[in-house]
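In what follows, a single structure is set out as structure tokens and then discussed.
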Amino acid sequence: MVKASRNIWDFQESLEFDAMVGHRVRQSRLTAGMTCDDLAEAAGISLEDVVAIESGREKAQASTLLKIAKVLNVPFLTFFGTL
């Protein structure tokens, strides 16, 4: 019997990863004392994007996360932790 191959990143793992990144963005924003509105304006992204990223509903592009990291004055890799 041959087992079907499994992708390294299956759908559930992808959702969990997006949620983890979003949680770390939110933690960093709160530590910086900023609201979602503040972050959106300073990073040049929409409020809806900030909320979607923090909730894990949207996959954030690397360029967006870089903007967020710069505004929050945290290293880019803060959002990824130990993979």
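Bear in mind these aren't lab numbers, they're just calculated from the coordinates by the rules spelled out. Because the structure is predicted, anything quoted here is derived from the model rather than measured. When we count neighbours, we look across all protein chains shown, and the Cβ atoms used for this are built from the backbone with ideal geometry, even at glycine.
Values for this structure:
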read-out: Radius 14 Å from Cβ of E16, net charge of other residues (Lys, Arg +1; Asp, Glu -1); value: 0
read-out: Likely footprinting exposure, S14, S63, fewest C-beta neighbours within 10 Å first; value: S63, S14
read-out: F80 paired with L47, simple spin-label distance in nm, labels 7 Å along Cα-to-beta-carbon; value: 3.2
read-out: Loop chymotrypsin sites (Phe, Trp or Tyr not before Pro), the range 31-83 (other Cβ atoms within 10 Å of the site Cβ: 13 or fewer; DSSP); value: F80
read-out: Alpha-carbon spread of the chain, three principal axes, descending order, Å; value: 56, 24, 19
read-out: Loop-located trypsin sites (Lys or Arg not before Pro) in the range 30-76, at most 13 other Cβ atoms within 10 Å (DSSP); value: R57
